[in-house]
Amino acid sequence: MAVKQPVKFYQVGSFAVGNRLVDLSRRTAQADAHRANALTSGHRACQGCGEALGARCVLDAAMAATDGRLVAVNATGCLEVFTTPYPETSWNIPWLHSLFANAPAVASGVAAALAAQGRSDIRVIAQAGDGGTVDIGFGALSGMFERNDDVLFVCYDNEAYMNTGVQRSGATPAAARTATTEAVGPEPGNAFGQGKDLPRLAMAHGIPYVATATVAELHDLEAKVHRAMAVRGARYLHVLVPCPLGWGSAPSDTVHVARLAKETGLFPVFEAEHGVVVGATPIRSRAPVEDYLRLQSRFAHLFGPSGAVARPDVVARIQGLADDNVARYGLCPPVDDHGGGDGGRHDDGEVA
Amino acid sequence: MLTQIEGSRAVAQAVAACRPQVVCAYPITPQTHIVEALGAMVKAGQLERCAFVNVESEFSAMSVAIGASAAGSRAYTATASQGLLFMIEAVYNAGGLGLPIVMTLANRAIGAPINIWNDHSDAMAVRDSGWIQLFAETNQEAADLHVQAFRLAEEVSLPVMVCMDGFLLTHATERVDVPEPGQVDAFLPPFEPRQVLDPAEPVSIGAMVGPDAFTEVRYLAHARQLGALERIEEVAAAFTGVFGRRSGGLVSPYRAEDADVVLVAMGSIIGTAKDAVDELRRGGLRAGIVGITSFRPFPLDAVHDAIGEARRVVVVEKAFSAGFGGVLSTDVGLAIDDAKRRVATVVAGLGGRPVTERAIASVVEDAAAGRLERLRFLDLDRAAVERELSRMGRARRSGPSAENLVRDLAAARRAGAVVGRG
């Protein structure tokens, strides 16, 4: 059963989701001692890995939503490598890895096979990093979308090719340093005006459900998985997963950095049905992009040794991108009068 | 049922009789008629409990087949040429995973220059992918080999590629006894995979394997191929038991027992070669043929025995390795393992160039007389090649040269026409 979370509770100040405060039936799958542990402990991800966190949350929620009838297809990448150094495996679910570029098509094949066998009760998830999604796997993904195959495709976006040593992908943000967009020359880091906005490309296919989420908001992430699994056809979930290694952020800051991505407006959290945005999670406490950038050494070239902003022009351009998102998705709605006096903060409203 | 039918349609009906559960299709000439026919059967409800997936590329066609097979369904697709090369990463993956996918390869040349006609370059390009590769001589054999392919694939846990010559077979209408579903049911048991993606029994498939075990995993793939070497003859015999005709097997010798000169070949060219051999025998030249049906696994012993004591061995092949020579002939050389008998390679029929009975006969005559060089390109227009070589020699620059050649040949044809009119 899909568990909808109409209201999200936050402990003001700590930003921690107050699982203790919600009704038992509305607690997260992660809070359940009997959760599936689809991706179980003992794997070899780095400390603070956002992708491991995201995959565990998504798959346990999907297992809960499908009553354990789930098959996962995985593209090549960190998630595949750190979970299955054979004969060890961290997967407690049926799991298939074929290649880097073909996870959407392999998942289509699994779904077609199950349909032909009359076993459509078993649901299919495909998962990949941003490289496997927006770059090398995009042709197959677009085909899967266009055919409206019964697959939920989850992109764990850490904004570069981390498995091969932090090279630029089509999802790498402007100005970010990677191994192939070094922080040298007059325009250090990744160029502006490039990259693919996959959630919007997915929406352009008119598929039943598209959503974005971060690993900072578990209730929201799980609710979106439940909603996705309640629908048939092609669905797309784009989860922002910070990578301490590639982003140069502290492993203990993974959730904090993910939350700032949303709170700055750089990563809009929204959902869409049949190509139309039906809800966006408002920014709760708007932060300037500088707060987000400073926590990550991939943007260190924007700041001087003393910590002063060395490239105010670049920071301003990035702020402009965040402002565009805020305007596009309406991320900062007007605050109710009776809620005034909290410095512009307001509780998360209902999602959709 | 005996019927006049196009090769592609015969194959489609044979595949349908095998009750595939997932068929994926991406158009490429000359295999399109096969998947078109299968698609129509699924849409019309004649092929039940089968998903027909129109994918966006050959790479996805093979990937869908991989997912379907891993999920426990009988999966089929067809491709050719550039399409095979576009899916090659997934082809190797299916081989490595040991998934019993069956694919028709409507053999076609590989560009550049782009060419839609028949040769065997595409099949040779995936020689080492771990797939079983069977070559059909006729449309009857093409249809029959598909039925055998599913049984073989599922018994030895390897994908099987049935190679049939593009156009020469796919588009040829001839008499075929198309395998009937009832007969196929008696021959081909339902697919029962040893490992399947099932929530009731979760497995991880496609894990990373490091240096500690990779050699052993690859060896096991080789062992499965060697096992297939035994099974191919058994499956062919079982097929004869049900269908009452011989198709498939490892090799198909023709008048080779006492032959002085043996031609070795694969595919539809064997039909033309048979006519040439009959004609030569009438003239007193003891010629014979060893047709190779199973290219991978390669039947070293069967080829060795079939060639026997023949004095000359000539491999006529529709592909070659640039900078080296024959591909099939290298394997045949290993099979005869004889320092005194050097295998001659005749590269023929590239990009759809017709191979005539007369041309084959002259090759055999030259071989018998000791006039056949180690590597011959049959019917090569040497003058055209020399002109371009001399141009290339004058100015060392890189870049494509096919257009020069075509222009020369067109000019020569125009000149010929003018002379002819005069």
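The values are calculated or read from the model by the stated rules, or taken from the named source; none is laboratory data. The model shown is predicted, which means the values in this text are computed figures rather than measured ones. Glycine gets a Cβ as well: all are built from the backbone with ideal geometry, and neighbour counts include every protein chain shown.
This table checks each residue for (1) farther than 25 Å from B:PRO27 by Cα; (2) surrounded by 24 or more Cβ atoms within 10 Å (Cβ to Cβ); (3) at pLDDT below 95.
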position: B:GLY130; (1), (2), (3): no, no, no
position: B:LEU134; (1), (2), (3): no, yes, no
position: B:GLU137; (1), (2), (3): no, yes, no
position: B:LEU158; (1), (2), (3): no, yes, no
position: B:ASP165; (1), (2), (3): no, yes, no
position: B:ARG175; (1), (2), (3): yes, no, no
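Within region A:49-105, can you find the residues that are more than 26 Å from B:SER57 (Cα to Cα), hydroxyl-bearing (Ser, Thr, Tyr) and buried (at least 24 other Cβ atoms within 10 Å of the Cβ)?
A:THR83
Is region A:108-120 home to any residue that is at the interface with chain B (Cβ under 7 Å from one of its Cβ atoms) and surrounded by fewer than 24 Cβ atoms within 10 Å (Cβ to Cβ)?
Scanning region A:108-120 turns up at least one residue that is at the interface with chain B (Cβ under 7 Å from one of its Cβ atoms) and surrounded by fewer than 24 Cβ atoms within 10 Å (Cβ to Cβ).
With (1) surrounded by fewer than 19 Cβ atoms within 10 Å (Cβ to Cβ); (2) at pLDDT 95 or above; (3) more than 14 Å from chain B (Cβ to nearest Cβ) as the list, and A:ASP130 as the residue in question, which single condition is left unmet?
Among (1) surrounded by fewer than 19 Cβ atoms within 10 Å (Cβ to Cβ); (2) at pLDDT 95 or above; (3) more than 14 Å from chain B (Cβ to nearest Cβ), the lone unmet condition for A:ASP130 is (1).
Determine, yes or no, whether B:VAL15 is in contact (Cβ under 8 Å) with a residue 60 or more places away in the chain, crowded, with 24+ Cβ neighbours inside 10 Å and either more than 14 Å from every other protein chain (Cβ to nearest Cβ) or under 23 Å from B:ARG245 (Cβ atoms) (or both).
yes
Counting just the residues of region A:81-107 that are without any contact (Cβ under 8 Å) to a residue 40 or more places away in the chain and over 24 Å from B:SER73 (Cβ atoms), which one comes out farthest from the other protein chains (Cβ to nearest Cβ)?
Ranking the qualifying residues of region A:81-107, first place goes to A:PHE82.
Mind checking whether some residue in region B:178-195 is within 26 Å of B:VAL242 (Cα to Cα) and within 11 Å of chain A (Cβ to nearest Cβ)?
yes
Examine region B:255-263 for a residue that is in a helix (DSSP H, G or I), without any contact (Cβ under 8 Å) to a residue 60 or more places away in the chain and either within 14 Å of chain A (Cβ to nearest Cβ) or surrounded by 15 or more Cβ atoms within 10 Å (Cβ to Cβ) (or both), and state whether such a residue exists.
Within region B:255-263, the subset in a helix (DSSP H, G or I) is none.
Scanning region B:255-263 turns up no residue that is in a helix (DSSP H, G or I), without any contact (Cβ under 8 Å) to a residue 60 or more places away in the chain and either within 14 Å of chain A (Cβ to nearest Cβ) or surrounded by 15 or more Cβ atoms within 10 Å (Cβ to Cβ) (or both).
Anything in region A:193-222 that is at pLDDT 95 or above and of a type in the set (A, V, I, L, M, F, W, C)? List them, or say none.
A:LEU198, A:LEU201, A:ALA202, A:MET203, A:ALA204, A:ILE207, A:VAL210, A:ALA211, A:ALA213, A:VAL215, A:ALA216, A:LEU221
Which ones in region B:18-34 are buried (at least 22 other Cβ atoms within 10 Å of the Cβ), in contact with a Lys or Arg (Cβ under 7 Å, 6 or more places away or on another chain) and over 20 Å from B:GLN148 (Cβ atoms)?
Once the filter is applied, which keeps residues that are buried (at least 22 other Cβ atoms within 10 Å of the Cβ), in contact with a Lys or Arg (Cβ under 7 Å, 6 or more places away or on another chain) and over 20 Å from B:GLN148 (Cβ atoms), region B:18-34 yields only B:PRO30.
Any chance you could count how many residues in region A:108-132 are farther than 20 Å from B:MET208 by Cβ, of a type in the set (S, T, N, Q) and in contact (Cβ under 8 Å) with a residue 12 or more places away in the chain?
2
Scan (1) in the same structural domain as B:GLY130 (by TED's automatic domain parsing); (2) buried (at least 16 other Cβ atoms within 10 Å of the Cβ); (3) within 23 Å of the chain's Cα centre (by Cα) for the single condition B:LEU226 breaks and write down its number.
B:LEU226 satisfies all of (1) in the same structural domain as B:GLY130 (by TED's automatic domain parsing); (2) buried (at least 16 other Cβ atoms within 10 Å of the Cβ); (3) within 23 Å of the chain's Cα centre (by Cα) except (2).
Take the residues of region B:35-60 that are in a helix (DSSP H, G or I) and within 8 Å of chain A (Cβ to nearest Cβ): which is surrounded by the most Cβ atoms within 10 Å (Cβ to Cβ)?
Kept after step one, since they are in a helix (DSSP H, G or I), are these residues of region B:35-60: B:35-43, B:58-60.
From what is left, the residues that are within 8 Å of chain A (Cβ to nearest Cβ) are B:59-60.
Values: B:PHE59: 25, B:SER60: 30.
Checking each candidate, the answer is B:SER60.
Considering B:ALA411, B:ALA402, which residue is in contact (Cβ under 8 Å) with a residue 40 or more places away in the chain, hydrophobic (A, V, I, L, M, F, W, C) and not assigned by TED's automatic domain parsing to the domain that holds B:ALA310?
B:ALA402
I want to confirm something. Restricting to region A:263-278 and keeping residues that are touching a Pro at 6+ places or on another chain (Cβ under 9 Å) and under 19 Å from A:SER297 (Cα atoms), which single residue is surrounded by the most Cβ atoms within 10 Å (Cβ to Cβ)?
A:THR264
With the requirement that a residue be more than 7 Å from every other protein chain (Cβ to nearest Cβ), touching a residue at least 40 places away in the same chain (Cβ under 8 Å) and either surrounded by fewer than 19 Cβ atoms within 10 Å (Cβ to Cβ) or not in a loop (DSSP other than H, G, I, E, B) (or both), what does region B:61-74 give you?
The first filter runs over region B:61-74 and keeps only residues more than 7 Å from every other protein chain (Cβ to nearest Cβ), leaving B:61-62, B:69, B:74.
Filter again for touching a residue at least 40 places away in the same chain (Cβ under 8 Å), leaving B:62, B:69, B:74.
Residues satisfying the conditions are B:MET62, B:SER69.
Looking at region B:280-324, what strands (runs of 3 or more DSSP E) fall wholly within it and have at least 1 residues that are of a type in the set (S, T, N, Q) and in contact (Cβ under 8 Å) with a residue 12 or more places away in the chain?
B:294-296
Just checking, which of B:LEU220, B:LEU188 is under 30 Å from A:VAL124 (Cβ atoms), touching a residue at least 40 places away in the same chain (Cβ under 8 Å) and not assigned by TED's automatic domain parsing to the domain that holds B:PRO299?
Going through B:LEU220, B:LEU188 in turn, just one is under 30 Å from A:VAL124 (Cβ atoms), touching a residue at least 40 places away in the same chain (Cβ under 8 Å) and not assigned by TED's automatic domain parsing to the domain that holds B:PRO299: B:LEU188.
Quick one: in region B:76-118, of everything that is assigned to a strand (DSSP E or B) and in contact with a Gly (Cβ under 7 Å, 6 or more places away or on another chain), which residue is nearest to B:ASN139 (Cα to Cα)?
Within region B:76-118, the match that is nearest to B:ASN139 (Cα to Cα) is B:ALA106.
In region B:94-128, what residues are surrounded by fewer than 24 Cβ atoms within 10 Å (Cβ to Cβ), under 15 Å from the mean Cα position of the chain (by Cα) and under 20 Å from B:GLY351 (Cα atoms)?
Those that are surrounded by fewer than 24 Cβ atoms within 10 Å (Cβ to Cβ), under 15 Å from the mean Cα position of the chain (by Cα) and under 20 Å from B:GLY351 (Cα atoms): B:ILE110, B:TRP117, B:SER121, B:MET124, B:ALA125, B:VAL126, B:ARG127.
Quick check on B:ASP165: is it of a type in the set (Asp, Glu), under 18 Å from the mean Cα position of the chain (by Cα), away from chain A (no Cβ under 14 Å) and more than 24 Å from B:VAL22 (Cβ to Cβ)?
Judged against the criteria, B:ASP165 is a match.
Would you check if there is a residue in region A:166-179 being assigned to a helix (DSSP H, G or I) and touching an Asp or Glu at 6+ places or on another chain (Cβ under 9 Å)?
Checked against the condition, which is being assigned to a helix (DSSP H, G or I) and touching an Asp or Glu at 6+ places or on another chain (Cβ under 9 Å), region A:166-179 yields no hits at all.
A quick yes/no check of all residues on (1) part of a helix (DSSP H, G or I); (2) of a type in the set (Asp, Glu); (3) over 31 Å from the mean Cα position of the chain (by Cα); (4) surrounded by 10 or more Cβ atoms within 10 Å (Cβ to Cβ):
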| position | (1), (2), (3), (4) |
| --- | --- |
| B:VAL332 | yes, no, no, yes |
| B:LYS340 | no, no, no, no |
| B:VAL355 | no, no, no, yes |
| B:ASP366 | yes, yes, no, yes |
| B:ARG397 | no, no, yes, no |
| B:GLU403 | yes, yes, no, yes |
| B:GLY416 | yes, no, yes, yes |
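Within region B:229-254, take every residue that is part of a loop (DSSP other than H, G, I, E, B) and on the phi < 0 side of the Ramachandran plot and give me the one that is surrounded by the fewest Cβ atoms within 10 Å (Cβ to Cβ).
B:ARG245
Just the residues that are within 14 Å of chain B (Cβ to nearest Cβ) and assigned to a loop (DSSP other than H, G, I, E, B), please, taken from region A:135-163.
Within region A:135-163, A:ILE136, A:GLY137, A:ASN148, A:ASP149, A:ASP150, A:VAL151, A:ASN163 meet the criteria.
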